[in-house]
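Notes follow once the structure below has been shown.
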Amino acid sequence: MKGITASFPLGCLTAVSGVSGSGKSTLVFDLLASAVPGQGSFRNIEGCAQISGMERVDSLITVDQSPLSRMQRSSVSTYMDLFALLRKAYAALPEAKSRKLVEKHFSFNTPGGRCDRCEGLGQVTVDMHFLSHLQVVCPECRGKRFKPEVLEVRYKERAISDFLELSLEESQPLLQENKKMSALLQLLADIGLGYLQWGQSVTTLSGGEGQRLKLAKELSAPAKGHTLYLLDEPSSGLHPIDVEKLHLLLSRLVDAAIRSLWLSIIQS
Ligand SMILES: [Zn+2]
């Protein structure tokens, strides 16, 4: 890139395209990103005369296809805060109150209601000495992750652990009455992630799935102020149907009056 001036409109979805090696990533991720307040100074970048207008951007979110989390404990429903809402619903049941069970007892990530043997994972690791470790179903809770008294509390005739085995789509009819949960479930179904399971670890998601889940979380709880989203080749490796769903999601982000920038490579 030599002797060029580029302008990016705010409040819409912008795609930067060009042949490989033409400097798209440098322009967007090195120059533009560095000019967002709090992201360092663009003056450090040699050859860039000026970047103006960035005072209208409050924060920057970069979405790439890197894994969401390496934490085995982070699942689709905990990541999207769906599980916290479900715990609340369980704790509000008369059955839970009579047993003196509160929200934290319905968590598999904190001690209290979870199975002590597997610490809420539903699996235990068996040391195979010279072979690699083996994961087996927990003999204490039989993979249910919770203590019996917690599992006895039923919502729609289901124990909380039963929800973890349902897909998001399957749980939709059961949770219609809860506005927050049904809105989140509908959003995830719209962007084609309805087949994911509540209890599915985010470490098992593909790059494309993780990217959409991250954007959906943004959409469900938008950051404060004006946010600039930078996406690095969001469509690479995705099936055309998934690209369509990603586009729907990005359009919704734009409709939510936030700014997106789509960097993509035109394949020659
Ligand atoms: Zn267990």
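The values are calculated or read from the model by the stated rules, or taken from the named source; none is laboratory data. These numbers were taken from a predicted model, which means no experiment stands behind them. Here the Cβ positions follow ideal geometry from the backbone for every residue, glycine too, while neighbour counts run over all protein chains shown.
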**Report entry** Residue identified as surrounded by fewer than 16 Cβ atoms within 10 Å (Cβ to Cβ) and either away from the ligand (no atom under 15 Å from the Cβ) or among the hydrophobic types (A, V, I, L, M, F, W, C) (or both) among Gln172, Gln197, Gln186
**Finding:** Gln186
Report summary line: By residue number, the members of the range 153-184 that are within 19 Å of Asp81 (Cβ to Cβ) and basic (Lys, Arg) are Lys179, Lys180
Query raised in the report: Among helices (runs of 4 or more DSSP H) lying entirely in the range 89-190, which contain 1 or more residues that are over 24 Å from the mean Cα position of the chain (by Cα)?
Result: 94-98, 148-151
Requested in this report: Considering every residue within the range 79-99, establish whether at least one is out of contact with any Phe, Trp or Tyr (no Cβ under 9 Å at 6 or more places or on another chain), among the hydroxyl-bearing types (Ser, Thr, Tyr) and crowded, with 17+ Cβ neighbours inside 10 Å.
Outcome: yes
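Does Thr227 qualify as being β-branched (Val, Ile, Thr) and within 25 Å of Lys180 (Cα to Cα)?
Spelling it out, Thr227 is indeed β-branched (Val, Ile, Thr) and within 25 Å of Lys180 (Cα to Cα).
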Query raised in the report: How many residues are closer than 27 Å to Gln172 by Cα, surrounded by 14 or more Cβ atoms within 10 Å (Cβ to Cβ) and within 16 Å of the ligand (Cβ to nearest atom) if we restrict to the range 100-114?
Result: 7
Query raised in the report: Can you tell me which of Val137, Val153 is within 14 Å of the ligand (Cβ to nearest atom) and either farther than 30 Å from Val254 by Cα or at pLDDT below 90 (or both)?
Result: Val137
Query raised in the report: Can you spot a residue in the range 9-31 that is in contact with an Asp or Glu (Cβ under 8 Å, 6 or more places away or on another chain) and modelled with pLDDT under 80?
Result: no
